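Student: If you scroll down you'll find the structure; I have some questions about it.
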Amino acid sequence: MGVSSGTPSKASKDTLEMILLGPPGAGKGTQAKRLVEHYRIPQISTGDILREAVDAGTPLGDQAHKFMARGELVPDDVIIDIVEERLRQADCAPGWLLDGFPRTLAQAQALDAMIERMRCRLNLVVLLEVSPDEVVARNSFRRSCPVCGATYHLKSRPPREDMVCDECRVALVHREDDKEEVIRRRIGVYMEQTSPLIEFYRAKGLLQSVDGHLTMDEVTREILDLVERARPAENVR
Ligand code: AMP
């Protein structure tokens, strides 16, 4: 049994708190879905939460839509409150996987404060590295299922039937913010506002990089390996 002093932590080998970082189209969503199935923790995708709010026409959706359609970030205070509320839900007790948050230094600092308040411990930040040209190529061929959120690539991972989701059997859509002009703006926003987080987490000793050009299965294997190496060997209480 490990011994700790000061504030008791609920971090243990049984919990997993991690972040997937990387440009739009790096494969965060796809990898997140595989990881949460493996570790049985919730995937918290701020993009999915916002898209649901837009589709449902809630006040949050109305506010977020104009930023999303332009490829810009939704204001920090809005997104930080959403994440804190989500992390406090009961299904997050065994841990969580953040996909698309944090995206600015202010969000990362707010997450640090939340983690402290909730007495959890961030195990790992995985950076999926993909070149800007590849990002544009991936997003312009990306189509998503409006029901389950599954993503397809029309060339490298097409649906079994033309433009129809394999699982839900509904017509796939090309997300408004995956169109080339918006994607280029999203890459600019990533470089300017999100990429400073690489240094932020590297300085904390939490950052590990994976080559996002590998196959999906290879990327998953590498991440699973990193998770096993990052988690504490014994319970810390
Ligand atoms: P995503 O599906 O993660 O690429 O997110 C789609 C869009 O939602 C982004 O381009 C932003 O407009 C918005 N969004 C998602 N997550 C965040 C965040 N953490 N901070 C600000 N805006 C966000």
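Student: Quick one: which strands (runs of 3 or more DSSP E) lie wholly within region 70-183 and hold at least 2 residues that are among the charged types (D, E, K, R) and surrounded by 19 or more Cβ atoms within 10 Å (Cβ to Cβ)? Step through it out loud before you land on a result.
Tutor: On the way: elements: 95-99, 124-129, 142-144, 151-153.
Of the strands (runs of 3 or more DSSP E) lying wholly inside region 70-183, those with at least 2 residues that are among the charged types (D, E, K, R) and surrounded by 19 or more Cβ atoms within 10 Å (Cβ to Cβ) span 142-144.
Student: Of the residues 42, 24, only one is under 22 Å from the mean Cα position of the chain (by Cα), modelled with pLDDT under 95 and closer than 28 Å to residue 177 by Cα; which?
Tutor: Just one listed residue meets the conditions, 24.
Student: Can you name the condition, by its number, that residue 63 falls short on among (1) among the polar types (S, T, N, Q); (2) touching a residue at least 40 places away in the same chain (Cβ under 8 Å); (3) more than 8 Å from the ligand (Cβ to nearest atom)?
Tutor: So residue 63 meets the others, but not (2).
Student: Is it the case that region 38-59 has a residue that's in contact with a Ser or Thr (Cβ under 9 Å, 6 or more places away or on another chain) and under 14 Å from residue 17 (Cα atoms)?
Tutor: yes
Student: Same structure, new question: Test residue 55 against the stated conditions and say whether it is within 15 Å of the ligand (Cβ to nearest atom) and open to solvent by 10 Å² or more (accessible area, probe 1.4 Å).
Tutor: Working: within 15 Å of the ligand (Cβ to nearest atom): yes; open to solvent by 10 Å² or more (accessible area, probe 1.4 Å): yes.
Judged against the criteria, residue 55 is a match.
Student: Tell me, which residue of region 167-214 that is away from the ligand (no atom under 16 Å from the Cβ) and charged (D, E, K, R) is farthest from residue 139 (Cα to Cα)?
Tutor: My answer is 204.
Student: Another question about this same structure. Give me the pairs: first residue in region 157-182 and without any contact (Cβ under 8 Å) to a residue 12 or more places away in the chain, second residue among the charged types (D, E, K, R) and part of a helix (DSSP H, G or I), beta-carbon distance under 7 Å, and six or more apart or on different chains, which are they?
Tutor: If the second residue must be among the charged types (D, E, K, R) and part of a helix (DSSP H, G or I), no pairs are left.
Student: Same structure, new question: Enumerate the pairs (first residue in region 40-54 and of a type in the set (Val, Ile, Thr); second residue anywhere and within 11 Å of the ligand (Cβ to nearest atom) and open to solvent by 20 Å² or more (accessible area, probe 1.4 Å)) with beta-carbon separation below 8 Å, excluding pairs fewer than 6 apart on the same chain, so at least 6 apart or on different chains.
Tutor: Listed by first residue and then by second, the contacts come to 46/82; 46/103; 49/82; 54/65; 54/68.
Student: Which residue out of 169, 121 is at positive phi and out of contact with any Phe, Trp or Tyr (no Cβ under 7 Å at 6 or more places or on another chain)?
Tutor: Just one listed residue meets the conditions, 169.
The values are calculated or read from the model by the stated rules, or taken from the named source; none is laboratory data. Keep in mind the model is a prediction, meaning the values are calculated, not measured. Methodologically, a virtual Cβ is constructed for each residue, glycine included, from the backbone with ideal geometry; neighbour enumeration extends over all protein chains shown. The area values use the complete protein model at the heavy-atom level, side chains included, leaving out ligands, DNA and RNA. Shrake-Rupley method; radii C 1.70, N 1.55, O 1.52, S 1.80 Å.
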